[in-house]
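The values are calculated or read from the model by the stated rules, or taken from the named source; none is laboratory data. Bear in mind the structure is a predicted one, so any value in this text is a computation, not a measurement. Here the Cβ positions follow ideal geometry from the backbone for every residue, glycine too, while neighbour counts run over all protein chains shown. The accessibility values were calculated without ligands, DNA or RNA, using every heavy atom of the protein model including side chains. Shrake-Rupley method; radii C 1.70, N 1.55, O 1.52, S 1.80 Å.
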Amino acid sequence: MSRIITHDDPEGRRPPANGYKWYLCHWAHKLLDFRQAELEAVAGMFGVPRDQMVFRQPPSDPPHMMPFWYVTLPNDDVARHILSRTMLTKAFYEIWGEGSDWEELAASIASYPEESKAPWLGPELSFKVVVASYGGTCTMQQQLEYMEKVSYIPFQGPVSLKAPDVTYWLQVVDCKDTPGLGLEVLPPRIYFGRKVGEYNHIVAQVEYSLKTRPYIGPTSMDAEMAFIMCNQAQVRRSQLVLDPYVGTGSIAVAAAHHGAHVMGADIDVRVVRMGKTDAQGRTLDVFSNFDHYKTRGRLGGLMRLDMHRHPFRGDLEGTFHAIVGDPPYGVRAGGKKSVAKEVVIHDRETHIPATGAYNLGECLRDLLDFAARTLVVGGRLVYFLPATPDTYREEEIPTHPCLTLTHNSEQLLTARYSRRLITMVKVMAYDAAAAAAHHDANPDPTMAIDRIHDLVYEQYERDEKGKVIYPEGALNRKKHRGKML
């Protein structure tokens, strides 16, 4: 796995031993626990082993509140490839200098190797300097003053504001006038360097927004999160991807955008076959969403099934490259599984098969075993696991002898509960005997989080003044909940 070093670690002051380079990574300031995990997963898609990556923390406490971290990567091309996929990494820069004030910055730039700066300062290269401020606004007059402070850099080429050959980045971090967001703890910092690349995810954030999608429901996955899940699963062109809880197709749509062939399944036949009718009387369903994005040809099919009684042959192994889904965990939509009942089917077109209660622990045991059997070796399983401050225990995360856990990222939703994006990789061919022994050793799949509905909606106690007594840790979760964390 990757390593994290502190800002003052001497290792961060010298070139990486493996021939990689240090890049400053500008992360989005949201979903803080997902940023490193997504970057590692996407870097792996472009040939960067996770154990070759080193992250260097910024000089802030806590470090995750500063969005500027150093990371080692092989070269500029790999950095740009990564930016073409990531949702939470905004840009990479080759930093020539940094400091807590302008004097430190100048000294740092002066000490940066001349042979690294010279290729970008030639008279044949046009350039521009972009001034950015983190933690406040920066007027045009301030920008000009800041550029004047770095005029000692020997720029030789012509200025080109529209299409420069080289873009330099001057970042001023000053959060002393930004109270209430937790940023006031960040120390002043100034960075200067060459922009290697930046992302442009208007397509994912605007075109794929749920607001513009024909068919959605109350549990449709947010478009940005669906793309992050596909990045964690390393979804690529021509792969075969399954969403076993497809619902209205948010995750499947994101996978198809990346060129994968997708299959979807859901226990509710009404969702996958019947859809709903809009105000104009048109039928809207999952197919409508794929038609909307012109990716219908990548939808391999929809099935009515659940992991408990699925129709796949027992010898169907090594089929899917990724399985990505959001299991029902009972806050808004409880889990259901197929059950056998003696009924007379009068109309197969409108018949809805019988279902019974399906607790999350049992659901995840079936999901992991299905993934261990049907994923290719190296394929990934990505799913959300609910958690509460009172019940979460890392050792309770479901396991399987054929799968290994690589990432576990938490998104706080309310003061009462969160969800964790679990990423697992298949590391060996399916071994039925090992799977049976594992299940025999853990016969009861029940998890503490199976009570999530009661935990979310239970009434907290109040003190003699009527003030709510929150469980330990709940107040911080209430303050920093939602998309940011």
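Among all residues of segment 22-34, there is none that is open to solvent by 20 Å² or more (accessible area, probe 1.4 Å), in contact with a helix residue (DSSP H, G or I) (Cβ under 6 Å, 6 or more places away or on another chain) and under 19 Å from LEU170 (Cβ atoms).
If you take the residues in segment 38-75 that are in a helix (DSSP H, G or I) and more than 18 Å from the chain's Cα centre (by Cα), which one is surrounded by the most Cβ atoms within 10 Å (Cβ to Cβ)?
Restricting attention to segment 38-75, the residues satisfying the condition of being in a helix (DSSP H, G or I) are 38-45, 50-52, 63-65.
With the extra rule that they be more than 18 Å from the chain's Cα centre (by Cα), the set shrinks to 51-52, 63.
Values: ASP51: 9, GLN52: 17, PRO63: 15.
Only one residue fits best here, namely GLN52.
The single condition from (1) at pLDDT 95 or above; (2) in contact with a strand residue (DSSP E or B) (Cβ under 9 Å, 6 or more places away or on another chain) that LYS294 fails is (2).
Quick check on segment 273-302: of everything there that is in a helix (DSSP H, G or I) and among the aromatic types (Phe, Trp, Tyr), which residue is least open to solvent (accessible area, probe 1.4 Å)? Among residues in segment 273-302 that are in a helix (DSSP H, G or I) and among the aromatic types (Phe, Trp, Tyr), the one least open to solvent (accessible area, probe 1.4 Å) is PHE290.
Number of residues in segment 15-37 that are in a loop (DSSP other than H, G, I, E, B), of a type outside the set (A, V, I, L, M, F, W, C) and in contact (Cβ under 8 Å) with a residue 24 or more places away in the chain: the value is 7. For segment 242-272, a residue qualifies if it is surrounded by fewer than 22 Cβ atoms within 10 Å (Cβ to Cβ) and either of a type in the set (D, E, K, R) or assigned to a loop (DSSP other than H, G, I, E, B) (or both), and the qualifying residues are HIS258, GLY259, ASP268, ARG270. Return the residues of segment 2-16 that are farther than 21 Å from ARG420 by Cβ and open to solvent by 60 Å² or more (accessible area, probe 1.4 Å); say none if nothing qualifies. Within segment 2-16, ARG3, THR6, ASP8, PRO10, ARG13, ARG14, PRO15 qualify.
I'd like to check something: does segment 20-41 contain any residue that is out of contact with any strand residue (DSSP E or B) (no Cβ under 8 Å at 6 or more places or on another chain) and of a type in the set (Ser, Thr, Tyr)? The answer is no, given that none of the residues of segment 20-41 is out of contact with any strand residue (DSSP E or B) (no Cβ under 8 Å at 6 or more places or on another chain) and of a type in the set (Ser, Thr, Tyr).
With the structure loaded, tell me whether GLY19 is small (Gly, Ala, Ser) and surrounded by 15 or more Cβ atoms within 10 Å (Cβ to Cβ) or whether it fails that test. Considered against the rule, which asks whether it is small (Gly, Ala, Ser) and surrounded by 15 or more Cβ atoms within 10 Å (Cβ to Cβ), GLY19 comes out as no.
Residues to consider are VAL173, VAL129, VAL185, VAL203; find the one that is modelled with pLDDT of 95 or more and of a type outside the set (Lys, Arg).
Values: VAL173 fails: modelled with pLDDT of 95 or more; VAL185 fails: modelled with pLDDT of 95 or more; VAL203 fails: modelled with pLDDT of 95 or more.
Only one candidate qualifies: VAL129.
Being assigned to a loop (DSSP other than H, G, I, E, B), among the basic types (Lys, Arg) and either surrounded by 15 or more Cβ atoms within 10 Å (Cβ to Cβ) or in contact with a helix residue (DSSP H, G or I) (Cβ under 9 Å, 6 or more places away or on another chain) (or both) is true of LYS176. Among the residues of segment 157-212, those that are of a type in the set (Lys, Arg) and in contact (Cβ under 8 Å) with a residue 60 or more places away in the chain comprise ARG189, ARG194, LYS195.
GLU184 meets all of the listed conditions (1) outside any loop (DSSP other than H, G, I, E, B); (2) open to solvent by less than 20 Å² (accessible area, probe 1.4 Å) but one, namely (2).
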